[in-house]
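Let me begin by presenting the structure, written as structure tokens, before commenting on it.
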């Protein structure tokens, strides 16, 4: 379930952009919103999704809310993707070996 939430959050380009910005360090809501062409209430909904799914954390000091990355869930998604990469690499290696065998078999039949 948590992995689904991470990918759901990452599916939106605005949220990916926020995570990219936060990879450089903590930022306030207004700093994060600056590059995006949308109303602040709409933008804060994106921040709410990221926080709800555990990808960012926020802290309020006075009137300023500051966000930081919470990388644990991103690491889980990365681990899943690496596992999938290994599976597909193995499958492609098997396909490559099969195709080489087929080509050698065709070459033998031509002689």
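The values are calculated or read from the model by the stated rules, or taken from the named source; none is laboratory data. Just so we're clear, the structure is a prediction, and the values are computed from it rather than from any experiment. When we count neighbours, we look across all protein chains shown, and the Cβ atoms used for this are built from the backbone with ideal geometry, even at glycine.
When restricted to residues that are surrounded by 11 or more Cβ atoms within 10 Å (Cβ to Cβ) and closer than 21 Å to residue 78 by Cα, the range 21-34 contains 2.
Tallying residues that are within 25 Å of residue 4 (Cα to Cα) and in contact (Cβ under 8 Å) with a residue 24 or more places away in the chain within the range 27-51 yields 6. Is it the case that the range 60-72 has a residue that's exposed (fewer than 12 other Cβ atoms within 10 Å of the Cβ), in a helix (DSSP H, G or I) and either touching a strand residue (DSSP E or B) at 6+ places or on another chain (Cβ under 9 Å) or modelled with pLDDT of 95 or more (or both)? Scanning the range 60-72, I find no residue that is exposed (fewer than 12 other Cβ atoms within 10 Å of the Cβ), in a helix (DSSP H, G or I) and either touching a strand residue (DSSP E or B) at 6+ places or on another chain (Cβ under 9 Å) or modelled with pLDDT of 95 or more (or both), so the answer is no.
Considering the conditions (1) farther than 24 Å from residue 82 by Cα; (2) under 16 Å from the mean Cα position of the chain (by Cα); (3) surrounded by fewer than 16 Cβ atoms within 10 Å (Cβ to Cβ), residue 14 is excluded by exactly one of them, (3).
Filtered by the rule that a residue be surrounded by fewer than 11 Cβ atoms within 10 Å (Cβ to Cβ) and in contact with a strand residue (DSSP E or B) (Cβ under 8 Å, 6 or more places away or on another chain), the range 35-59 gives a lone residue, 59.
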